Amino acid sequence: MPPSKSTIDPTLPPLHPSFSPPKTSPTGSEDSPNLKKIIAHLNLQPHIEGGYFVETDRDPLLIPSPFAPTTETPSTANPSPTRAGTAAATAGETRHASTSIHYLLTPSQPLGAFHRNRGRTIHTLHHGRGRYVIIHADEIASPSCAKGYGGPSDLAESERWVGKARVETFVVGSDVLRGERVQWIVEGGKYKASFLLADDAEGGRESGGLLISETVVPGFEYGDHDFLRGERLGELVGMEQAGEMGWLLREG
């Protein structure tokens, strides 16, 4: 029998997906006609984290990169034909002052898998509901491995972290009187995941999608991004919580 309480917050039921994407249907085939219109109108593209996105702004102002060199393995794939960037930024010498995107989760793409960015990300709700799960890995990074990034190349994985990471979960949505958030900030070095919830908090099963904007400061580069892997998840939060949250990891 599955546990009745979450290992993260005992006042909540265990985390589980509200929408499971069809395994055999083409991307977006289960989404409503209105969602398909939104995807087309905003020119949204599939995101490597899950869901859809489009870059809406890249500040032309270049600033010196505030990030130290790292031995972490970045996410280097670039799925967006709209993302420009510069050679200098890609090489790590500078960053654009900020970048912004629209990001959308839908019933056929309901999960944004655990990942982290080195930059600070400001999120703003447009419509819909979802749940975010934040692992505060930066709070337990070892002194020789700031925010859990970099460190000596021979630093063992277990030496990158000191203690157990705090896990936070909250609902984003328009019902602020019930504690839902319309704006939330995730500092660099924290792992985050998100998944779609029904529009009706009272048990409905329909969703018009979760549409938000994200602004990253300094501007986003794929070299500043990486996914959380299963081994590290267990190391950060322990096997019990890892068992509850493992479905939020990216497949493959």
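The values are calculated or read from the model by the stated rules, or taken from the named source; none is laboratory data. Note that the structure is a prediction, hence the values are computed from the model and not measured. Backbone-built Cβ (ideal geometry, glycine too); neighbour counts: all protein chains shown. These accessible areas exclude ligands, DNA and RNA; they are computed on the full protein's heavy atoms, side chains included. Shrake-Rupley method; radii C 1.70, N 1.55, O 1.52, S 1.80 Å.
Under 9 Å by Cβ, and 6 or more places apart or on different chains, what pairs join a residue from the stretch 37-50 that is more than 20 Å from TRP247 (Cβ to Cβ) with one that is open to solvent by 80 Å² or more (accessible area, probe 1.4 Å) and not aromatic (Phe, Trp, Tyr)?
Listed pairs, sorted by first residue: GLN45/PRO81.
Go over the candidates ARG166, ARG181, ARG160 one by one and state the one that is of a type in the set (Lys, Arg), open to solvent by 70 Å² or more (accessible area, probe 1.4 Å) and either in contact with a Ser or Thr (Cβ under 7 Å, 6 or more places away or on another chain) or farther than 26 Å from CYS145 by Cα (or both).
ARG181
A quick yes/no check of all residues on (1) surrounded by 23 or more Cβ atoms within 10 Å (Cβ to Cβ); (2) in a strand (DSSP E or B); (3) in contact (Cβ under 8 Å) with a residue 24 or more places away in the chain:
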residue: SER194; (1), (2), (3): yes, yes, yes
residue: ASP199; (1), (2), (3): no, no, yes
residue: GLY204; (1), (2), (3): no, no, no
residue: SER207; (1), (2), (3): yes, no, yes
residue: SER213; (1), (2), (3): no, yes, yes
residue: ASP226; (1), (2), (3): no, yes, yes
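Specify which of the listed residues (PRO110, PRO3, PRO79, PRO21) is modelled with pLDDT under 90, in contact with a Pro (Cβ under 7 Å, 6 or more places away or on another chain) and surrounded by 16 or more Cβ atoms within 10 Å (Cβ to Cβ).
PRO21
Being more than 16 Å from the chain's Cα centre (by Cα) and in a helix (DSSP H, G or I) is the filter here; which residues of the stretch 233-249 pass it?
GLY234, GLU235, LEU236, VAL237, MET239, GLU240, GLN241, ALA242, GLY243, GLU244
Scanning the stretch 58-67 for residues that are over 15 Å from TYR222 (Cα atoms) and touching a residue at least 60 places away in the same chain (Cβ under 8 Å), which turns out most open to solvent (accessible area, probe 1.4 Å)?
Looking at the filtered set, the residue picked out is PRO66.
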